[in-house]
Amino acid sequence: MTDGMINVYKEAGYTSFDVVAKLRGILHQKKIGHTGTLDPAATGVLPVCLGSATKLVEELTDKIKEYEAVLLLGTVTDSYDTTGTVLKTEEVAVKEEEVKNVIQSFLGEIWQVPPMYSAIKIDGKRLYELAREGKEIERPARKVTIHEIEILETDLPRIRMRIRCGKGTYIRSLCYDIGEKLGCGGCMESLVRTASGPFLIGDALTLDEIKALKDSGHLTEKILPVEWFYRDLPSVKIAEEYGKLLDNGNPLPLSDDLRKVCDGTKVRICRPDGSFKGIYRYESQKNLYVVDKLFS
């Protein structure tokens, strides 16, 4: 089984689940998970975890993401993007300065209502399933964080933007909300995810490229090991006498290498032979290092 992370370029027309399903066929393994859904029409970075690296899915999903989006003013749809049914159109009579001021007002923590066409579950049913049945229900607003918004190009009624945002942000909802605040309505015309945490679009591979690398025997060169994700944490190689404790996932006592540090401090733990085993954190109350995550 292959373990590690691969930076996939999701092409238009594929769901995130489609990407995982195709990778299972290419790699001939089942244990694969993606780290943040992209709509079928959207393209860009989709980090995928393989084997034991699937333990990283939640951490990777929490990372800041960056997008380039085109907002189309004057058009409102049921899906908040141009793939949906048009509900109304309005004349766009706003000024560029007004657009700039409104867009900047969405910086920071904001409350956002997810679109009906989304994978969020309410009462056990996904919203997009209800939407396809012609139903619309009240969705609770969620707090999300917009770290940066930069207007890259304005050619009204279109505005191309770069957005850096936190977990759970719907760019479609952001486009809809900007249009509402401007009074003319709006929807998302296109979306490219250019970064997800440390994964950048320039390094992403299409499914065809991944298959070609697999067939030629060079795919392992593109798979990042789990330890790479924790490269900024200090690395500690434990002494031979503690090897059995580590293999069994037991707490590790203080030693010459594992010294007393701030409560909650995490370190990369390596076996006596130098191979990576997992992440431990210091617990001051126990005066021990305890398991945070172990990897095969």
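Under the shape rule built on the C-alpha gyration tensor, where the axes satisfy a ≥ b ≥ c, the stretch 66-216 is oblate, since a/c reaches at least 1.5 while a/b does not exceed b/c.
Please state the shape class of the stretch 179-296: rounded when a/c is under 1.5, otherwise prolate if a/b exceeds b/c and oblate if not, all from the C-alpha gyration tensor. Note, shape of the stretch 179-296 comes out oblate.
With the cut-off at under 18 Å, measuring from each backbone N in the stretch 62-83 to a point 7 Å along the Cα-to-Cβ line of LEU152 picks out 65-73, 82. Measuring against 25 Å, Cα to Cα, the residue pairs LYS167/LYS286; LYS211/LYS237; LYS30/LYS222 contain LYS167/LYS286; LYS211/LYS237 as the ones spanning a longer distance. Farthest towards the positive end of the charge dipole of the chain, among the residues GLY179, TYR14, GLY274, is the Cα of GLY274, using unit charges on the Cβ of Lys, Arg, Asp and Glu. Within the shell of other residues whose beta carbon sits under 10 angstrom from the beta carbon of ASP247, the net charge comes to +3, with Lys and Arg scored +1 and Asp and Glu -1.
For an R0 of 22 angstrom, estimate the FRET efficiency from the Cβ-Cβ distance between LEU87 and ASP18 and round to the nearest 0.05. So, using R0 = 22 Å, E works out to roughly 0.20.
When the alpha-carbon atoms of the stretch 1-132 are used, the pair Rg, Dmax equals 18.1, 58 angstrom. Would you please classify the overall shape of the chain from the alpha carbon gyration tensor, given that a ≥ b ≥ c denote the square roots of the eigenvalues, rounded means a/c under 1.5, and beyond that prolate means a/b larger than b/c while oblate covers the rest? Note, shape of the chain comes out prolate.
Here the accessible area is traced with a 1.4 Å probe on the protein chains. For the chain, carbon and sulfur cover 47 percent of it.
About its Cα centre, the dipole of the stretch 32-127 is roughly 420 debye, where the only charges are +1 on Lys and Arg Cβ and -1 on Asp and Glu Cβ.
Per-residue ellipticity at 222 nm computed for the chain from its helices equals -5500 deg cm²/dmol, with DSSP H segments shorter than 4 residues left out and the rest contributing -39,500 (n - 2.57). Counting Lys and Arg as +1 and Asp and Glu as -1 over every other residue whose Cβ lies under 13 Å from the Cβ of LYS214, the net charge comes to 0. Would you be so kind as to identify which of TYR242, LEU38, LEU71 lies farthest towards the positive end of the dipole of the chain, taking Lys and Arg as +1 and Asp and Glu as -1 on Cβ and the Cα centre as origin? After comparing all options, I get TYR242. A straight chain from ILE64 to GLU98 at 0.36 nm per residue would run longer than the Cα-Cα distance by 9.5 nm. Normalised per residue, the accessible area of the chain is 51 Å², obtained with a 1.4 Å probe and no contribution from ligands, DNA or RNA. Note on the stretch 143-296: with charges restricted to the Cβ of Lys and Arg (+1) and Asp and Glu (-1), its dipole about the Cα centre is near 380 debye. When the Gaussian network model of the chain links Cα atoms closer than 10 Å, the mean-square fluctuations of ARG162, ARG24, ARG259 top out at ARG259. Once the Cα-Cα distance is subtracted from the 0.36 nm per residue extended length, the ASP203 to VAL290 segment shows a gain of 27.8 nm. Relative to the current alpha-carbon distance between MET1 and SER255, full extension at 0.36 nm per residue lengthens the span by 88.0 nm.
Positive-end ranking of VAL99, PHE229, LEU152 along the dipole of the chain, with charges on Cβ about the Cα centre, is headed by PHE229.
Given +1 at the Cβ of Lys and Arg, -1 at the Cβ of Asp and Glu and no other charges, the dipole of the chain around its Cα centre is 940 debye to the nearest 20.
If r is the Cβ-Cβ distance from THR265 to ILE120 and R0 is 35 Å, what FRET efficiency results, to the nearest 0.05?
0.50
The values are calculated or read from the model by the stated rules, or taken from the named source; none is laboratory data. Every value quoted in this text rests on a predicted model; they were computed, and no experiment measured them. Cβ sites come from the backbone with ideal geometry, for glycine too, and all protein chains shown count toward neighbours. Note: accessible area is taken over every heavy atom of the protein model, side chains too, but ligands, DNA and RNA are not part of it. Shrake-Rupley method; radii C 1.70, N 1.55, O 1.52, S 1.80 Å.
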